[in-house]
1. From the Cα gyration tensor of segment 30-164, with a ≥ b ≥ c the square roots of its eigenvalues, which class applies: rounded if a/c is under 1.5, or else prolate if a/b is larger than b/c, or else oblate?
2. Taking the number of other C-beta atoms within 10 Å as the exposure measure, put Asp39, Asp82 in order starting with the fewest.
3. If packing is taken as the average count of other Cβ atoms within 10 Å, what order do 125-136, 88-99 fall into, highest mean first?
4. Sort the following peptides by mean Cβ neighbour count (other Cβ atoms within 10 Å, averaged over residues), highest first: 40-49, 68-77.
Amino acid sequence: MTGAQAPRRTSGTARTAALPRSCTKRKKIMFERILVAVDSSPTRLSTVHSAAAMARLTGARVRVLHVAASAATLAAVVPLEDDSEAESVLDEAVGVLRRSGVPAEGVMVHALTTQIAGVISETAAAWKADLLVLTPHRRDMFGALWDPRVSDAVVHTGRTAVLLVPEGDGNDPAEPPVTDR
């Protein structure tokens, strides 16, 4: 080697420069609080299973939110589901999470259909969620112009990271599909 120094051999016990204090502290987990917004559609379990998988990866706690929606007409406010149906949806989601080993709790809120996106965003902010998980329901372009999806409104109004889970069949994506031979 001309002009260059030969590599220096060490015994493997060489001292390294001290790391900055910020590098030695316990690092913050990416997601500590995951809010899952579920509705009464059959695809809700895809959302719950995806949130469970994310929570298991990160060690996060999960809060399930179900908005018991009502529609307003000129003469009255009409509930779109009764409280027992809403509680059943919530209990099912929380049960799936707990059975998969994820610490979970559920919250039900009553709101008009026009307020659902705002309620979801406000709940995520109030609970200090790191991630919001929900399913966008497919609509044709014409329908979306007249009635935008809740997921679109949440993405544009909230300050929390959002994971949109594609509509699925409700099976756990981490489990292999059951097939008959």
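1. prolate
2. In increasing order of surrounding Cβ atoms, one gets Asp82, Asp39.
3. 125-136, 88-99
4. 40-49, 68-77
Coordinate-derived values only; no laboratory data. If you're wondering where the values come from, they're calculated on a predicted model, not measured in any experiment. Heads up, the Cβs are rebuilt from the backbone with ideal geometry, glycines too, and the neighbour counts pull from every protein chain shown.
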